[in-house]
Amino acid sequence: MTIDYNELKKGGFLRQRQKDNFIVRFRSLAGNLTSEQLRQLADLADKYGKGYVHVTTRQGAEIPWVGINDYNDMKGEIKALGLNTGTCGPRIRTVVACPGREICQFGLMNSRETAIELDGTFFGREVPMKTKIAVSGCPNSCAKPQENDIGLVGAVEPILCAEKCAGCGLCQKVCPHQAISMVDGKPTIDRAKCLLEGNCISSCPTDAWQEGRRGYLLYAGGKIGRKPRLGQVVAEFVPENQVTESVEKVLKAFDVLSQQGERIADTIARVGVKAFRDEVAWTGIESKLYDGPVNSRTGSSTGDLGKEVG
């Protein structure tokens, strides 16, 4: 039997250490598998593997110990069941996500819907090197977007309407990074410390803290592995309806600037984040790249986030 291992990797069949055995990788959509899909995976593991399923770090599942002689039968059964297989090699992997605003009390953005949209657009695309994408609905970053080649973090901009403020100081108490302090009975905010999580907005009894912009912080250049790096912010407050476009621009910049064997993190380390941003060319994206003081939280600049209304 002639084996094209590259084609097998594309379809989620990965060579195991043991000769003529494979691990079959399945993917979830934004971390969700239906109860029926779980039963189907269990049946496949019993029939073709050794009766167990390995849960992956990217919210997927793998069935090991699949014999090469069972490849065609299992592939046909997977197709008939409509299960989603994973991929490997220089391709875009499964997009992972937290539950987001739909379920989580801290969620600012619909991260699950965003991840499903991105997965449908980009999963399996050939790229210079493997590329991982993660989406988190708030700065708690449960999906670890800063550790992915491309990451999105939900964020909200707090703006103070001074005449509504009662001076109660509650916003100072609930701020997780001590970005707010009371001065002469009124709150002031240190934008460099602000996590953009919106506790001040949601807790204010007089609605003095109001929502400015809401969107995603877009990170590029994160990875783990032998030489881990955290991603850097390349755009702030990207609206949900422009996320796919913004990710496309990052991928195009990577394709233009990368050298053989580089992931996005390596390319940014070599050319610099400014050159990478310039290549991205954010034409048509409403979010703004700032040239002001650097924000210690994001690695980006704070720009005009300090404006207040009222």
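Data for the structure
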{"read-out": "The range 41-184 - Rg (one decimal) and Dmax (whole number), Cα, Å", "value": "21.8, 77"}
{"read-out": "Modelled FRET efficiency - R0 45 Å, Lys252 with Asp184, Cβ distances, 0.05 increments", "value": "0.35"}
{"read-out": "Convex hull (Cα only) mean projected area of the chain, reported in nm² to one decimal", "value": "18.1 nm²"}
{"read-out": "Three-way shape call for the range 93-149 based on the alpha-carbon gyration tensor, with the a/c threshold at 1.5", "value": "oblate"}
{"read-out": "Semi-axis lengths, Å, the range 220-264, gyration tensor of Cα atoms, sqrt of 5 times eigenvalues", "value": "22, 14, 7"}
{"read-out": "CD proxy at 222 nm, helix term only [per DSSP H run n ≥ 4: -39500 (n - 2.57); per residue of the chain; nearest 500]", "value": "-8000 deg cm²/dmol"}
{"read-out": "Per-pair calculated FRET efficiency, R0 = 35 Å: Ile224 and Gln18 via Cβ, rounded to 0.05", "value": "0.85"}
{"read-out": "Virtual paramagnetic centre 7 Å along Cα→Cβ of Glu126, amide N under 14 Å, in the range 61-97", "value": "89-92"}
{"read-out": "Cα shape, the range 16-111, gyration tensor, a/c 1.5 rule", "value": "prolate"}
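The numbers here are math on the coordinates, done by the rules we state, and not lab data. Just so it is clear, the structure is predicted and the values come from calculations on it, not from any experiment. In this analysis, Cβ positions are derived from the backbone assuming ideal geometry, glycine residues included, and neighbour counts consider all displayed protein chains.
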